[in-house]
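Structure, as structure tokens:
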Amino acid sequence: MSTSRKSAGTSRARSKPEKAALSDARRLHGIISDVLRLAKSAGAEEAEVHVDEVLDDLTRFANNAIHQNVSENGITVSIRTIAEGRTARVTTNRIDDSSLRAAVDSSLSLAASQPQDKRLLAPPGKQRYRSVQRFIKQTAAITPEDRARAVRRACDLALKRAQVAAGIFSTGESQAAMGNSRGLRAAYRETHAEFSITMQEAPAASWAKANAADVRDFDPQQLAARASHKAHLAVDAKELPTGKYTVILEPSAVLDLVGFLFYDFAATAVADQRSCLNGRMGKLVFGKNISIADDAYHPLQLGAPFDGEGMPRERVSLVERGVPRNLVYSRRAAKMARKAPTGHGFMLPNEYGEAPMNLVFAGGDSSLEKMIASTDRGLLVTRIWYIREVDPYEKIMTGMTRDGLFLVEKGKVTSAVRNFRFNQSLLEALRKVEMLGPAVRATGEEAFEMIVPAMKIRDFNFTEVTKF
């Protein structure tokens, strides 16, 4: 979107209040130093500190009008102490000396009530990190007036087409810093922007959403137009029989489905026998056109180049041509498996261990239009929701389509279809992918953002026509 504004050329122009900004990074590192000093004086053998600051702005609209504009600016401090083989974490949003001292004391008190952990590792020492640039000044400069203008254009489109628009437009900045008593120091800053819109026409509705570090990477008006067009097409939806259909899943639908895989690539999950990859590593599990990596450095990603333990994130090839090859490892899981940590651990203590948080699916060169043109009979799926796991090992998922389900006949979209419930093995679905679109940054509602392509999948199993 354009962020240009008229120049303040006359003396009569009213001055605007100065836009808030993130703290200087030295302030966050100063808090870390203060906490480490307090922890040492309180008797902690080791200490680790995470400091996070957010500066988020949100414009919310419904019934074709803005009804809320809010801003949040806050700092949280998370403190982990270690003493006599025990550890605990306490988080506070008060950063005065007395509050930080109380948080350190609480952490030590909680740790003392825990059983000794024979496998507890000392915090890591100093690390080196790859540089990432995810702080975009054009995003940081967006004002409430900028968001309001974009929302107004979307609502004007809805009014013009006798539709009702609702959604959000948010922009923000955040930064994180961490340090420990062994000299580790890490810091990261990013900007983020998100636009989500639902357009309703009579009983039908459709939806579009985008998320990026750079607000210029998406156009709210284009998203509104897409949702508006689909809502109009969906007005006269017809009911089809249940059964197996070829489906064309748009990226948001793919995202929310495959998002249920990410914990299965954790070494801890495999060691605990709770991964769908137990007994399947090194075997052909998915189609040969499926390759997956975890890559924090992909240009479309967001997120820090270090994990919750302060370890550098590594790019890991998880699936190569349908074969699971590698897992991700926290420091503890790596030691148990005699592997090198990959920088995917969560803040300790936790029960999950690690997980790949920057999934990238390899894409293809088939556009949605090409997928539709190649389909004799099938369904075009905008998104899915209310997804639940039925069988963890076979990865059988159930959920529903929503916000635009369309029948494709002889290479053309011919009508809207009433929504279905599906009952489908994700592993089987990824063995039956016939076409892949280009990999894009997708966002949905059931999973965190990933880089995924649109997919054409045969024999997708629909079990029930829903009431929604």
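The values are calculated or read from the model by the stated rules, or taken from the named source; none is laboratory data. Please read all numbers here as calculations on a predicted model, not as lab measurements. Methodologically, a virtual Cβ is constructed for each residue, glycine included, from the backbone with ideal geometry; neighbour enumeration extends over all protein chains shown. For accessibility, only protein heavy atoms count, side chains too; no ligands or nucleic acids. Shrake-Rupley method; radii C 1.70, N 1.55, O 1.52, S 1.80 Å.
Worth a mention:
- Scope the range 137-161; condition within 18 Å of LEU223 (Cα to Cα) and assigned to a loop (DSSP other than H, G, I, E, B); matching residues: ARG161
- Cβ-Cβ under 7 Å pairs, at least 6 apart or on other chains, the range 148-161 side touching a residue at least 60 places away in the same chain (Cβ under 8 Å) and within 17 Å of GLN68 (Cβ to Cβ), far side part of a helix (DSSP H, G or I) and open to solvent by 30 Å² or more (accessible area, probe 1.4 Å): ALA154/GLN221
- Enumerated strands (runs of 3 or more DSSP E) restricted to the range 373-468, each holding at least 1 residues that are in contact (Cβ under 8 Å) with a residue 60 or more places away in the chain and in contact with a helix residue (DSSP H, G or I) (Cβ under 9 Å, 6 or more places away or on another chain): 377-391, 396-409, 412-416, 433-436, 440-442, 450-452, 455-465
- Test result for ASP403, at positive phi, over 19 Å from the mean Cα position of the chain (by Cα) and assigned by TED's automatic domain parsing to the domain that holds LEU257: yes
- The range 47-65, residues that are touching a strand residue (DSSP E or B) at 6+ places or on another chain (Cβ under 6 Å), of a type in the set (A, V, I, L, M) and open to solvent by 30 Å² or more (accessible area, probe 1.4 Å): VAL54, LEU58, ALA62
- Qualifying residue in the range 140-148 (condition: of a type in the set (Val, Ile, Thr), open to solvent by less than 40 Å² (accessible area, probe 1.4 Å) and within 18 Å of VAL35 (Cα to Cα)): no
- Selection from the range 127-139 of residues that are surrounded by 11 or more Cβ atoms within 10 Å (Cβ to Cβ) and either among the hydroxyl-bearing types (Ser, Thr, Tyr) or closer than 22 Å to ALA88 by Cα (or both): TYR129, THR139
- Single match in MET336, MET357, MET311 (criterion: surrounded by fewer than 17 Cβ atoms within 10 Å (Cβ to Cβ) and within 27 Å of PRO123 (Cα to Cα)): MET336
- Some residue of the range 347-365 being of a type in the set (D, E, K, R), part of a loop (DSSP other than H, G, I, E, B) and either free of Cβ contacts under 8 Å to residues at least 60 places away in the same chain or in contact with a Pro (Cβ under 6 Å, 6 or more places away or on another chain) (or both): yes
- GLN114 of a type in the set (S, T, N, Q), closer than 29 Å to GLU72 by Cα and either open to solvent by 60 Å² or more (accessible area, probe 1.4 Å) or not assigned by TED's automatic domain parsing to the domain that holds ILE79 (or both): no
- A residue that is of a type outside the set (A, V, I, L, M) and touching a helix residue (DSSP H, G or I) at 6+ places or on another chain (Cβ under 9 Å) cannot be found anywhere in the range 232-244.
- Scanning the range 216-227 for residues that are touching a helix residue (DSSP H, G or I) at 6+ places or on another chain (Cβ under 6 Å) and open to solvent by less than 20 Å² (accessible area, probe 1.4 Å) yields a total of 2.
- Considering residues of the range 288-328 that are of a type in the set (Val, Ile, Thr) and in contact with a strand residue (DSSP E or B) (Cβ under 8 Å, 6 or more places away or on another chain) only, the residue nearest to ASP272 (Cα to Cα): VAL328
Rundown of residues vs (1) open to solvent by 50 Å² or more (accessible area, probe 1.4 Å); (2) assigned by TED's automatic domain parsing to the domain that holds THR143; (3) within 30 Å of GLN200 (Cα to Cα); (4) within 28 Å of the chain's Cα centre (by Cα), yes/no style:
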{"site": "LEU36", "(1), (2), (3), (4)": "no, yes, no, no"}
{"site": "ALA39", "(1), (2), (3), (4)": "no, yes, no, no"}
{"site": "GLU45", "(1), (2), (3), (4)": "yes, yes, no, no"}
{"site": "ILE79", "(1), (2), (3), (4)": "no, yes, no, yes"}
{"site": "SER98", "(1), (2), (3), (4)": "yes, yes, no, no"}
{"site": "ASP105", "(1), (2), (3), (4)": "yes, yes, no, no"}
